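Here's the structure, in structure tokens; my notes come after.
Coordinate-derived values only; no laboratory data. Since this is a predicted model, take the numbers as computed values, not measurements. In this analysis, Cβ positions are derived from the backbone assuming ideal geometry, glycine residues included, and neighbour counts consider all displayed protein chains.
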Amino acid sequence: MLLLINSARPAAEHGIDQLTGPMDPTSVVTLAATKMAQRHTGRPVPNAALLGGFAALSGLVSLESVLAAITERFPAAVARGNVAATREAYAAVERASAPRRDHARPARPDGELITAPVRPPTAGAAVRQIEGSRAVAEAVALSRPEVICAYPISPQTHIVKALSRQVKSGALAPCEFVNVESEFAAMSVAIGASAAGPRAYTATASQGLLYMAEALYNASGLGLPIVMTVANRAIGAPINIWNDHSDAMSQRDCGWIQLYAQTNQEALDLHIQAFRIAQEVSLPVMVCMDGFILTHASERLEIPAQEQVDGFLPPYEPRQLLDPAAPISIGAMVGPEAFTEVRYLAHARQEQALALIPEVATQFAEQFGRDSGGLVRPYRTQDAQTIVMALGSVLGTIQDTIDELRDQGVAIGALGITSFRPFPRGRVPVRRDQAAARAGLTRTGQLCADTTTGARPILRPAWLPGLASANGGTSSNHHRVPRRGPASSNAKFDCPNAALESTIASAGTGTGTIMVPAAAGTSREAAQAGLSAALAPG
């Protein structure tokens, strides 16, 4: 365990001996980060200095990667002072922790060290400390889009901002960046561009996705392989910029493929896969990543090389092309018979995607050395009597909670849904008679609704009587906690554990749908006690 304290006073003067007493003294370091920031930047903002101190104390992040991230993110005048503060903090912590040659990794409460070796990057790839949005921008640029159209809306703005800089500098070429007046216009431009032959991309969130709803149906009905990032955010009123999945869920039946990322590394990887899936089945793809929780979190990610992506993603060859030299009409008015044929064709393409998505994920793992994407992601389900289903970044917390419950003898597992559309019918790696209880945890803020509705197509009829569901906290009302695992995928985030564990308890008793407030105050111990009672025989 490592502890970095932002203070000019020694750790012994902070009255935290109960915490620091069992620790190696060289693992507890105080750093006057605020004073360093004031000295170098003129402002008492210690973030950069603390990052430098963390890099020195943990050994998990290089000083160079921190400095590169600061230089990339801030204007030159602001970056200079923060770079100086970071260097000073790194040197100070390095001196303080010099006797500790072997950097300790975080330990479990029982003292057992967590073995999570940092996997070396794939040949040709680069490891960077980078914000999730900027990592997605890197992935999109590596996929060689030729038209990018966007209207800024939080929390996706950093993605298109980073892409606009690449286009302006010539680093991403040939590519045209189109500034538009609304989200409806952004999707309309993407439709026109894709129909004319180029690979097209855009991004949006929340009300922006609703504003382009009419055009979304046109994109899927025309079979255009547009890729769009949805930085999931709550829908107002009241106005709320924080995360839930209400935006994407509102468009779940509009004909787009929907893929949900659990981590920033998976968000990066899914975008590369999405371009390939889109062009192979000629359908648009939404890659959904939790707003702020992922988009604005900076972590250690592996950025593939251009040659790697080119070897995985072939050049785009459109199935249909608007060409003035050979004029045709697409999307013209048709009668009921033809309309039915077109809608069935869209359904058939979704069925093709159901088979293609795991194939693409397998090929991606073979070429990039990482397991990302696919239809579902089971976690400790082999002998589970209770299975929690969820999607997005909340799965990290669910997995940590499952580990704790497993230590207490509870047979529980999780099923992460990566592909929400097409829904992975028949692809659940769980036996029909295995789980006695099922729980669905959503972050949609649906009113007066059974939150398992979207999951029912995946479930066998025998499962439905014991199915419970809960809203696991909307609007990012949660705490950030580290997920034990490799540093390349170590950012997972908390939702109210009372919601999760009460959902599991409800599943154990077969009591049906429950709604747990995002600010539920139930302690973890009380929720687990209730869970144990609910799962007890009889």
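Neighbours of ALA89, meaning other residues whose beta-carbon lies under 13 angstrom from its beta-carbon, give a summed charge of +2 when Lys and Arg score +1 and Asp and Glu score -1. The modelled label-to-label distance for the pair LEU322/GLU280, using points 7 Å beyond Cα in the direction of Cβ, is 2.8 nm.
Annotation: amide H of VAL180 within the under-5 Å range of ALA150, sequence separation 5 or more or interchain, hydrogens built in the peptide plane. Whole-Hz Karplus values for segment 200-216 come out as 10, 9, 8, 8, 7, 6, 6, 4, x, 5, 5, 5, 9, 4, 4, 6, 4 Hz, taken residue by residue from phi with 6.51 cos²θ - 1.76 cosθ + 1.60 and θ = phi - 60°; glycine and proline positions read x. Taking each residue as 0.36 nm, the span from ALA173 to ARG80 lengthens on full extension beyond its C-alpha to C-alpha distance by 30.5 nm. Which FRET efficiency value, to the nearest 0.05, do you get for ASP407 and ARG9 by plugging their Cβ-Cβ distance into 1/(1 + (r/R0)^6) with R0 = 30 Å? Working from the Cβ atoms, E equals 0.20.
Here the gap between GLN306 and ALA338, fully extended at 0.36 nm per residue and compared with their Cα-Cα distance, gives a gain of 7.3 nm. Report note on the peptides 62-75, 226-239: ranked by the mean count of other C-beta atoms within 10 Å, highest first, their order is 226-239, 62-75. If you take every residue apart from VAL360 with its C-beta less than 14 Å away from the C-beta of VAL360, what net charge results, scoring Lys and Arg +1 and Asp and Glu -1? For residues surrounding VAL360, the net value is -4.
Here the peptides 322-328, 309-315, 156-162 are ranked by packing, the mean other Cβ count within 10 Å, and the order with the highest first is 156-162, 309-315, 322-328. For segment 150-160, putting each phi into the Karplus relation 6.51 cos²θ - 1.76 cosθ + 1.60 with θ = phi - 60° gives couplings of 7, 10, x, 7, 5, x, 9, 4, 4, 5, 6 Hz, in residue order, rounded to whole numbers and with x for Gly and Pro. Can you give the FRET efficiency for TYR217 and GLN385, using 1/(1 + (r/R0)^6), R0 = 35 Å, r = Cβ-Cβ distance, to the nearest 0.05? Efficiency computed from Cβ-Cβ geometry: 0.25.
The calculated FRET efficiency for ALA355 paired with ALA91, based on their beta-carbon distance and R0 = 41 Å, is about 0.15. Taking each residue as 0.36 nm, the span from ASN47 to ILE241 lengthens on full extension beyond its C-alpha to C-alpha distance by 67.6 nm. If you sort the three axes of the alpha carbon gyration tensor as a ≥ b ≥ c, you get a/c under 1.5 for segment 137-284, which makes it rounded. Our coupling estimate for segment 359-371, obtained by passing each phi through the Karplus curve with A = 6.51, B = -1.76, C = 1.60 and θ = phi - 60°, is 5, 5, 4, 5, 5, 4, 4, 5, 8, 10, x, 10, 8 Hz, Gly and Pro reported as x. Using a cutoff of 8 angstrom between alpha carbon atoms and counting only pairs six or more residues apart, the relative contact order for segment 126-368 works out to 25 percent.
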